[in-house]
Structure formats: structure tokens, C-alpha cells
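In what follows, a structure is listed as C-alpha cells, so that the remarks can point back to it.
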Amino acid sequence: MVQTEKKRTSKLIPTAEEVQKLADEFEDKTPEELLRWTFDRFGGRAAICTSLQSGGMAILDMAHKVDPSARVFTIDTGRLPQETYEVIDQARDRYGMAIEVYSPDQDDLAAMVAKHGINPFYRSYSLRLLCCEMRKVNPLNRVLKDLDAWVTGLMRTQSSTRKNVRKIEIDETHGGIVKINPLADWDSKQVWEYIREYDVPYNSLYDKGYTSIGCAPCTRAIRPGEDERAGRWWWERGMPKECGIHMGPQSNGNNKKAEVKA
């Protein structure tokens with residue numbers, strides 16, 4: 001994974017010690033309270049990153065109530081399901097928020113496809129990580145290098161790699177900026193209760209058995225008894241269900257790390 005340069009020049013970014021205290025302070029507070037603190041402190045130097053999944057839509061609804069001018073962005077990998085594009089437009093119409101859309105570098109994609117083909121991710125874990133890096137991680141890095149804080153929809157209940165997520169963290173992978181996880185202590189049931197209570201738009205794939213939605217070739221509906229991220233990269237065995245945006249492959253309990261070669 002390409003890491004952004006360390007940037008310790010912004011006075012808005014708290015120290016590691018301050019972040020620890022803030023994380024403790026906000027552990028028992030609501031997502032709305034944390035979002036309000038985020039926008040009050042960082043203003044336009046903070047942005048919500050969302051793939052428009054259920055948790056992200058709940059956050060958008062909360063953010064619109066707290067600060068309708070909050071900056072929001074998403075990554076269009078070029079391989080998203082049509083249903084995801086539809087919910088992007090639904091969110092824009094519902095909230096009147098300008099959702100910034102960032103895409104992969106076309107030269108990078110052309111080089112990857114020329115060498116490895118259109119769907120290299122089915123052949124090996126390393127090639128899957130390479131595709132995620134080109135399509136997701138690199139565009140994200142371009143956005144985050146100009147921010148002091150970003151908001152995500154991570155929840156501890158989503159997977160073992162996310163069980164220790166704090167509501168406020170220092171994101172060393174992205175230059176030491178602040179990472180805000182308002183739903184860290186929520187679960188899917190709470191998210192869907194919120195969506196239904198406030199009639200929040202959501203991706204129609206959820207009505208077809210999907211529980212975690214990424215790129216179309218890499219996502220399927222789950223089977224009875226599977227965990228909610230089982231439909232992501234379902235052909236892989238014993239590998240973390242992560243693309244590198246939030247955690248690298250080293251987060252796996254078996255310490256398996258792929259060597260990614262372009």
C-alpha cells in the first residue's frame with residue numbers, strides 16, 4: 001500500500017495523547033455528538049468517506065442534520081454495481097449534499113489490465129490486493145493528503161480485523177491525520193433501525209441478501225449462517241476481508257501479508 005507522507009503541520013490535529021482522551025470521552029456519546037465535534041473542530045479540513053453502504057447512509061443522514069455543508073466523498077472504482085450508482089443519486093436528491101466522486105488513475109488501470117487482464121483478482125490474493133490498491137486505495141490517498149480528519153462507517157462488529165476500532169483514532173497510514181468512526185460501537189441491527197426510523201435511502205442490493213457491498217465482481221449475497229462480510233471476495237480462504245482502505249493484510253490474525261507486484 002502506498003502511504004501518504006507524514007504531515008504534522010496542522011494545528012487542528014490533536015496529539016496522540018489528546019486523541020486517547022477524546023476517544024475515551026466520546027465512547028459513550030452518540031454518533032451525532034461525535035460528528036458535531038468533528039465539524040466544529042476541523043470544518044472543511046474534515047470529510048465523510050462513504051461507499052454508500054447502510055452505515056454510510058446512516059452517517060450521511062446524521063451529518064445532514066448536524067451540518068448540511070459537511071464535505072462528503074466516495075470512490076468510484078469503475079466496477080461498482082448499478083445499484084450503488086443509483087443510491088449515490090438518491091442521496092444527492094434527498095440531502096442536497098454535493099457528493100464528490102473520485103476515480104482511479106486511468107494510466108495505472110491500463111497498465112494493470114495490460115499485464116494482468118480485466119479480472120486478475122480471481123487468480124491470487126496478491127493480484128486482488130493490487131486491484132484494490134489501483135481502484136480504491138490510491139484514489140483515497142489523493143483525497144486524504146489534503147485533509148486533517150476523515151469520517152468512516154467502521155463498526156467493531158463487522159469483522160475480527162475491526163474489533164478494536166476506536167471512535168477517534170490517529171491514522172498513521174494516512175500521514176497521522178484523525179480518523180473518526182461514529183458507529184464504532186453500533187451493530188447492523190442498530191443501523192437498520194435508524195434507516196427505517198428516518199426513512200433513509202439505501203442500496204437495493206440489501207433487499208436481495210447482500211450485507212456488505214463493494215465492487216460488482218467481488219461481492220455476492222451471503223448464505224444462511226455466514227457473517228456479514230462473507231460475500232466480499234468469497235473465493236478467498238483464510239484471508240482478511242479488507243481492501244487496504246482501512247487495514248492492510250497484516251491485520252489478519254494469521255499475520256499473512258501478500259507481496260503485491262505490478
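Charges at C-beta only: +1 for Lys and Arg, -1 for Asp and Glu. How large is the resulting dipole of the stretch 16-249 about its Cα centre, in Debye rounded to 20?
Values: 32 positive and 37 negative charges, 175 e Å.
Around 840 debye, computed over the stretch 16-249.
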Fill in the blank from the handout: Residue separation between D107 and D24 times 0.36 nm, minus their alpha-carbon distance, gives in nm 25.5 nm
Completion exercise
Candidates A16, A184, A221; GNM for the chain (alpha-carbon contacts under 10 Å) flags as most fluctuating A16
Problem - Sequence-separation-based contact order of the stretch 16-249, relative, with Cα cut under 8 Å and 6+ spacing, percent - result: 23
Handout entry: Fluctuation leader among K241, K21, K136 - the chain, Gaussian network, Cα springs under 10 angstrom
Key = K21
Practice task
Give me the Kirkwood hydrodynamic radius of the stretch 94-182, using the inverse of the mean 1/r over all pairs of distinct Cα atoms, in Å to one decimal.
Solution key: 15.3
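Do any chymotrypsin sites (Phe, Trp or Tyr not before Pro) in the stretch 112-214 lie in a DSSP loop with no more than 12 other beta carbon atoms within 10 Å, and if so, which? All intermediate terms of the calculation are to be shown ahead of the outcome.
Working: sites: F121, Y122, Y125, W150, W186, W192, Y194, Y198, Y202, Y206, Y210; in loops: W186, Y198, Y202, Y210.
Filter output for the stretch 112-214: Y198.
Coordinate-derived values only; no laboratory data. Predicted model, so just to flag it, every value in this text is computed and none were measured. We place every Cβ from the backbone using ideal geometry, glycine too, and count neighbours over all the protein chains shown.
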